[in-house]
Each structure stands twice: as C-alpha cells, then as structure tokens.
Amino acid sequence: MFEFFTDLKVDWMGWRRPLIFVSVAMLVAGLVSAGWRQMSGQEPFNLGVDFKGGSVLTVKFREKPTADAIRSALNSSGITESVIQDSTDKTDEVLIKIPIIEGEERPAQAVEGQEEPTAVAATQVDKGRQAVKSALDTFGKEAEPTLSLEQDAEAAYKIVGTDSVGPVAGEQLRDAAVIATLLGLVGMLLFIAYRYDWTYAAGAVVAVFHDVLVTLAFFSIFQWEIGLTVLAAMLTLVGFSVNDTIVIFDRIRENSVLNRDEDLYTVTNRSINQTMSRTVVTNGLTFLSVLALVLFGGEVLRSFSLALFVGIIVGTYSTIAIASPIAIWWQSKLGRAEMKDIGAKEVTSTKLASASRRSVTRRPVTR
C-alpha cells in the first residue's frame, strides 16, 4: 500500500492527557447544552418527525415541483422541519412529513366510544393538513373534495392521504435504536475479548461510546435534527471506529511479540506511527466522500451527512487519544508496570499482560 509516512516518530502517548482533556471538554459541552435546554423547558435534542410525532400527507401533483420548491413553500408557511420524499411507484406523488403543530388544544371531553389520544391525533392531522394546504396553494388550487385531480382541470394538486405518527411510535423507535446499538457494542466487546484480550475490548468499546456521545453533543449544541437517518449514521460510526481501532491493536500485539524487551509506551507509539499511512489513506478517502455529501447532498441527507462528518473525525481521533491509552493503561496495571514518558530518566521495561499470559510457539516449516 502507498505510504505517506515512511519513518514517522511522533510521541502520540505524550499527547494523551491534552487529547483526553479535549474529549472531556466536548462531552461536558454537550452535557451542559442538553441540561440547560431541559431546565429551560426545551427538548435537549431536535428530534424529527419519526421520534416526536407529527403528520404524514401524500400529495398528488399535476406538474410535480422539485423537493426544494416544496420545502421552500413549507418554510414560508412556518413549517421548518419537513421531510419531502418522492413516491417509489408513482412519479406524480410526494410524501410530506411535518412535525406536531404547536398550540393544539386538547378536547375537553372525548367522543363516546373513542379514546382521547385518537381524537387528539385526528385534530393534529387536520391542523397539519391545513398547514400543508396553505403552503401548497402557492403552486395552485387544490382539487375539489368530490373530484379527482384529473377531473378538476383548474387544480394543481390534491392531498390524497393523511396519517399521523404519534409520540408513542417515536418512543418505540428510539428504544429499538438504543437497544440495537448496545447489542452491537456487546457483540464487539465479546469478539475483541476473544480474539485479542479483554483489555483491548475495554479500550475499543470506550472509544465507541466516546464517538457516539461526542457526535450527539454536536447535535445538541447546534440543534441539528435527529431522525432515523442519524441513527443509521450512528450504527455506521460504531463499525467505522472499531475497525480503525482493531488495526492499531493488531499492530501493537505483533510488535509486543517481536520486541518483548521494549516498554509498552514505545510499542504503542511505534504501532500508531506504523499504521498512520493506512489511517490517512482509508479514513481520508471516507472523509472526502462524506464531505461531498455535506456540501452537495441537500436537506434530505443533511443530518445523516453531518453525523458521519463529525463521527469520522472524532472516530479517527479517538483511536489514538482514547482507545490506545485506555488499553495500555489496563495492560500496564495488569502487568504491574509503570509507564513513563519518553524523556524521563528511567524507562521501565514492561510486558503486555496478554503477551505474558500467552506463549508463542514457532512451528518448523516443511519445504
């Protein structure tokens, strides 16, 4: 593979404390942002329609405008968090998702034989329909209720379907996403512990948690919208972060066997420097792809691309600043070793805990 750095000698472990301080600062900033919004009566995160509920409308156009034109019309009417999707089987139809319309009054008494939440949902759908209709009227009038779009020659569109997404469904989706993420982390923890050592697994999982929490901190601070696409990006980041971490861990294990007399500090620094070219090539190409999504992906992919953009930067950084220091800290504790910075008067020779417990047998090669 092409290498940018042939003889890199950077003391990454010497920068571990400042780098960890940066991570703690970002996490604290996100926590303060979420806590302050919660105490002021606001939502800590800007949840999308899929999580906090809203209305879903299917609109059929005579001459379908672009998604940006529809979104601009909705923004002009005060609906700033809309989701516009083209129908997969009908080229003249568009699916419009809008959040809950604020200022809704709950009915004083539910209709006999009908539960109150259903009545509230029906009221919310009506409010959403009226809000969307007022925005779409800029493209022309809606077809009469008793006529189809083809029968009304003067109509430009017709709302052919309305539905609601309640907050209960949003809560179920949120819980399912959290469970899926935790199960993925548990699976990675078990695999890394089996393949390498549980100390490596601890460092990798802590780094993954760090990447997800820091990305969520950015979403809380800047109030970027969180939808199902953001959850997909978070799950992608879990695999991305672990993959980069495992590459460095594998090189640490190889160097610890080949250089048993070197201290853990030196082995880790050499391993990070040796894999830096691979990190720059693979992560750099991924970063350029995500950057293109951020710049040219449009509003539909905005939250997804921003989550990947922040996550890739943080994931690459956490491999060096979080995963490796935690792993070697545990290894040095188990091996009863004292890790000292380069430049100290005395350098204690240490062995990896996993290397001290596992013997390496060299088998003769038959030619």
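Structure notes:
- Of all residues in region 137-147, those that are under 18 Å from residue 77 (Cβ atoms) and in a loop (DSSP other than H, G, I, E, B) total 2.
- Note on region 206-239: among residues that are within 16 Å of residue 316 (Cβ to Cβ), buried (at least 18 other Cβ atoms within 10 Å of the Cβ) and of a type outside the set (A, V, I, L, M, F, W, C), the one that is modelled with the highest pLDDT is 215.
- The residue pairs whose first member lies in region 181-209 and is outside the structural domain of residue 314 (by TED's automatic domain parsing), whose second member is of a type outside the set (Ser, Thr, Tyr), and whose beta carbons are closer than 7 Å, counting only pairs six or more residues apart or on different chains, do not exist in this structure.
- The criterion of at least 3 residues that are at pLDDT below 85 and either of a type in the set (Ser, Thr, Tyr) or under 24 Å from residue 133 (Cβ atoms) (or both) is met by the following helices (runs of 4 or more DSSP H) wholly inside region 1-104: 49-52.
- Scanning region 282-304 for residues that are loosely packed, with under 14 Cβ neighbours inside 10 Å and farther than 22 Å from residue 229 by Cα turns up just one, 284.
- When residues of region 185-205 are limited to those that are small (Gly, Ala, Ser) and buried (at least 16 other Cβ atoms within 10 Å of the Cβ), the one nearest to residue 247 (Cα to Cα): 204
- Criterion applied to 139, 219 was being more than 22 Å from residue 307 (Cβ to Cβ), touching a strand residue (DSSP E or B) at 6+ places or on another chain (Cβ under 9 Å), among the aromatic types (Phe, Trp, Tyr) and in contact (Cβ under 8 Å) with a residue 12 or more places away in the chain, and the one residue passing it is 139.
- Lone unmet requirement of (1) outside any strand (DSSP E or B); (2) modelled with pLDDT of 75 or more; (3) buried (at least 17 other Cβ atoms within 10 Å of the Cβ); (4) not hydroxyl-bearing (Ser, Thr, Tyr) for residue 150: (3)
- If you go through region 27-43 and keep only what is closer than 24 Å to residue 318 by Cβ and either touching an Asp or Glu at 6+ places or on another chain (Cβ under 8 Å) or crowded, with 18+ Cβ neighbours inside 10 Å (or both), you end up with 30, 33, 34.
- A search for C-beta distances below 7 Å between a residue of region 253-267 that is under 16 Å from residue 323 (Cα atoms) and any residue that is of a type in the set (Lys, Arg) and part of a loop (DSSP other than H, G, I, E, B), counting only pairs 6+ apart in sequence or on different chains, returns 265/340.
- Residue within region 44-55 that is in the same structural domain as residue 91 (by TED's automatic domain parsing), among the β-branched types (Val, Ile, Thr) and farther than 24 Å from residue 150 by Cβ present: no
The values are calculated or read from the model by the stated rules, or taken from the named source; none is laboratory data. Note that the structure is predicted; figures quoted are calculated from it, not measured. Ideal geometry is used to build each Cβ from the backbone, glycine not excepted, and the neighbour counts take in all protein chains shown.
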